[in-house]
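So the structure is just underneath, and the comments pick up after that.
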Amino acid sequence: MRPECIGCLLTVRLNEIARSSKSEDEALRKGLAFVERAVRLMKESIELTRLATKLYRCAIELCPEIVDYYRELKRSSVKEALSRLEGYKSRMKGLEGYERFELAVKIAIAGNMLDSGVAGHEPRWLDPADVARTGLVMDSSKELYELVCRGGRRILYLLDNAGEAVLDYVLAEELERLGNAVVVAVKSEPGFQNDITMDDVVTSGLLELFERSGIKVVETGTSASSIHLDEVSCDFKRELGEADLVIAKGMAHYEYIADEKLSKPVFFLLTPKCEVVSNAIGAPRGSFVVTKKDQKRQLEPPQ
């Protein structure tokens, strides 16, 4: 948490209220009420993902239309992503081994550019050819590949934004193809910003896409911005406990999990979209990052 995070969080929430209100007078009234409550909330918590969650819940309590605004945004993003999916997958044809895996990783990270919850960041699609040419600035992808290339792993894959999840499917499918059991986790309703929920997965047809590839979809049991361990469901905790390793997409998962002990390897896949995360992780804004958090347990080669 840095001082500039306060401005970012307030800007994003006030923009949501403005976009979702029926008039300028309503936006002003709800915006002022939100700021008054936000000041109290910021005195209670300085952990970034928890504060972000509290502020979002406060905003949708004052302006429930925000949930509908994001629902439409997510549907549009998933539809657009599905129309582009084959273009990304076609870049993998003819590739084998680590080269194929690395491209799947980069396609998944490209989806992280679709985040609409960072002040000053404009969500955008990257051309498949540009994604293929983009290097990984921080690169633990070879270590991840060595852990999964022989199969036999149970992988918990934490999804992030809705449109992004379609590109995550490319990597999840590759992990499954290598002989691993993949479980992808989505937020519970009403969700957090444009993060994907089970309702989004079902209504968009993504559930069928994942299940057809043998990929299990579960809910975290919370609408928090990350997997806050005091909020997630018992079912999700069981999935987390049974996983051999975790792949976590996006900045919020990095911000929270980096300081949590999960007793297993965690690989963060993201692109930093603000200076705070960029400085914390040591990579430029807009760059492609795969970095590992070593936890107590080290994986042995599968038998």
Subject >> Single condition Y56 does not satisfy, out of (1) over 15 Å from L10 (Cβ atoms); (2) in the same structural domain as L9 (by TED's automatic domain parsing); (3) surrounded by 12 or more Cβ atoms within 10 Å (Cβ to Cβ) >> reply: (1)
Original post:
How many of the residues in the range 88-110 are loosely packed, with under 14 Cβ neighbours inside 10 Å and of a type in the set (G, A, S)?
Top reply: 3
Original post:
Quick one: would you say G120 is assigned to a loop (DSSP other than H, G, I, E, B) and at pLDDT 95 or above?
Top reply: no
**OP:** Hey, could you check the range 1-22 for residues that are among the basic types (K, R) and part of a helix (DSSP H, G or I) and say which is surrounded by the most Cβ atoms within 10 Å (Cβ to Cβ)?
**Re:** R13
**OP:** Test A132 against the criterion of being in a helix (DSSP H, G or I), more than 29 Å from T222 (Cβ to Cβ), among the aliphatic types (A, V, I, L, M) and at pLDDT 95 or above, and give yes or no.
**Re:** yes
Original post:
Is it the case that some residue within the range 74-83 is surrounded by 22 or more Cβ atoms within 10 Å (Cβ to Cβ), outside the structural domain of R29 (by TED's automatic domain parsing), under 20 Å from the mean Cα position of the chain (by Cα) and among the β-branched types (V, I, T)?
Top reply: yes
Original post:
Does any residue in the range 223-239 that is under 22 Å from R71 (Cβ atoms) come within less than 6 Å, Cβ to Cβ, of a residue that is modelled with pLDDT of 95 or more and among the acidic types (D, E) six or more places away or on a different chain, and which pairs are these?
Top reply: A224/E231
**OP:** Please find, among Y70, Y88, the residue that is closer than 18 Å to V170 by Cα and in contact (Cβ under 8 Å) with a residue 12 or more places away in the chain.
**Re:** Y88
**OP:** Provide a single number: the residues in the range 59-92 that are assigned to a helix (DSSP H, G or I) and under 17 Å from S20 (Cα atoms).
**Re:** 16
Original post:
Looking at the range 181-198, is at least one residue farther than 30 Å from E72 by Cβ and surrounded by fewer than 23 Cβ atoms within 10 Å (Cβ to Cβ)?
Top reply: yes
**OP:** Mind listing just one residue for me: the one in the range 200-219 that is touching a residue at least 40 places away in the same chain (Cβ under 8 Å) and not hydrophobic (A, V, I, L, M, F, W, C) and, of those, nearest to Y56 (Cα to Cα)?
**Re:** D200
**OP:** Taking V182 as meeting all but one of (1) among the hydrophobic types (A, V, I, L, M, F, W, C); (2) within 30 Å of G97 (Cβ to Cβ); (3) assigned to a loop (DSSP other than H, G, I, E, B), write down the number of the exception.
**Re:** (3)
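The values are calculated or read from the model by the stated rules, or taken from the named source; none is laboratory data. Quantities reported herein were computed from a predicted structural model and do not represent experimental measurements. Glycine also receives a Cβ, built like all others from the backbone with ideal geometry; neighbour counts cover every protein chain displayed.
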